[in-house]
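In what follows, a single structure is set out as structure tokens and then discussed.
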Amino acid sequence: MNIKVIAFDADDTLWVNEPYFRQTEEQFCVLLQQYASVHELERELLKIELANLPLYGYGIKGFILSMIEAAMKITQNTLSIDVVRQIMDLGKQMLNQPIELLDGVEEVLETLKGKYRLVVATKGDLLDQERKLKKSGLNPYFHHIEIMSEKDDANYLKLIKHLDIKPEELLMIGNSLKSDVMPVLNIGGHAVHVPYHITWAHEQIEHSIDNERFKSAVTIKDILAYL
């Protein structure tokens with residue numbers, strides 16, 4: 001591999017993220033338990049989240065709005081203002097969560113610093129992702145921060161154009177096969193999948209990947225063996 005740039009996903013690759021969504025979803029279900037079963041509540045919330053992605057994009061703020069919309073639908077528009085307030089409070093708690101770096105992240109960045117250009121390639125709400133990156137203390141390691149509305153072939157091509165590299169000179173590292181691996185392989189780049197123990201249903205794929213430019217690692221420290 002002739003790698004010049006290593007790009008890292010942020011949420012659940014550099015720091016903990018998805019567990020906070022799951023915990024909030026559980027609290028959402030408790031708030032509305034008198035109206036439907038947990039399974040029905042989770043299914044309706046996911047359905048509304050996915051429908052709202054083109055409007056709100058990814059992130060906590062869109063999740064808050066989707067929870068309110070789901071609650072209104074489940075209660076047939078009889079949702080009390082107090083429950084709306086509680087849902088908004090759940091969202092604010094998520095936004096104020098401390099940043100918990102995943103094991104080995106700083107060690108890996110310290111090892112790679114100076115040998116490659118390191119970038120963050122993530123998606124989500126701009127303000128929220130910038131806030132998390134600042135709170136993480138990892139900013140000094142990165143040459144460039146790219147926050148995308150969607151991680152697709154076109155946006156990765158824009159990224160490599162901005163970085164002035166060829167696709168085969170990019171290595172992407174992340175926990176999502178759908179967002180961090182498949183689009184990068186599609187454009188000719190390299191990708192390493194570092195799975196996280198919780199993955200949002202929308203980020204899962206059902207088929208296996210057979211590509212010489214694809215590797216899988218158990219932990220983020222394992223990527224060092226490929227470089």
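The values are calculated or read from the model by the stated rules, or taken from the named source; none is laboratory data. Treat the numbers as computed from the prediction; the structure is a model and nothing was measured. Positions of Cβ are generated from backbone atoms using ideal geometry, with glycine treated the same way; all protein chains shown enter the neighbour counts.
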Taking the criterion of being at negative phi and in a strand (DSSP E or B), would at least one residue in region 100-114 satisfy it? yes
Filter region 1-31 down to residues that are free of Cβ contacts under 8 Å to residues at least 40 places away in the same chain and exposed (fewer than 15 other Cβ atoms within 10 Å of the Cβ) and give me whichever is nearest to the chain's Cα centre (by Cα). Gln23
Residue pairs, Cβ under 6 Å, 6 or more apart or interchain, first in region 48-72 and more than 21 Å from Asp152 (Cα to Cα), second of a type in the set (Gly, Ala, Ser) and surrounded by 17 or more Cβ atoms within 10 Å (Cβ to Cβ). List them. Ile48/Ser66; Ile48/Ala70; Ile64/Gly91
Looking at region 35-57, can you tell me whether even one residue there is assigned to a loop (DSSP other than H, G, I, E, B), closer than 20 Å to Lys132 by Cβ and not assigned by TED's automatic domain parsing to the domain that holds Val194? yes
Using the structure shown, decide if Ile145 is in a loop (DSSP other than H, G, I, E, B) and within 22 Å of the chain's Cα centre (by Cα). no
Checking the condition assigned to a loop (DSSP other than H, G, I, E, B) and aromatic (Phe, Trp, Tyr), which residue from Tyr156, Tyr196 passes? Tyr196
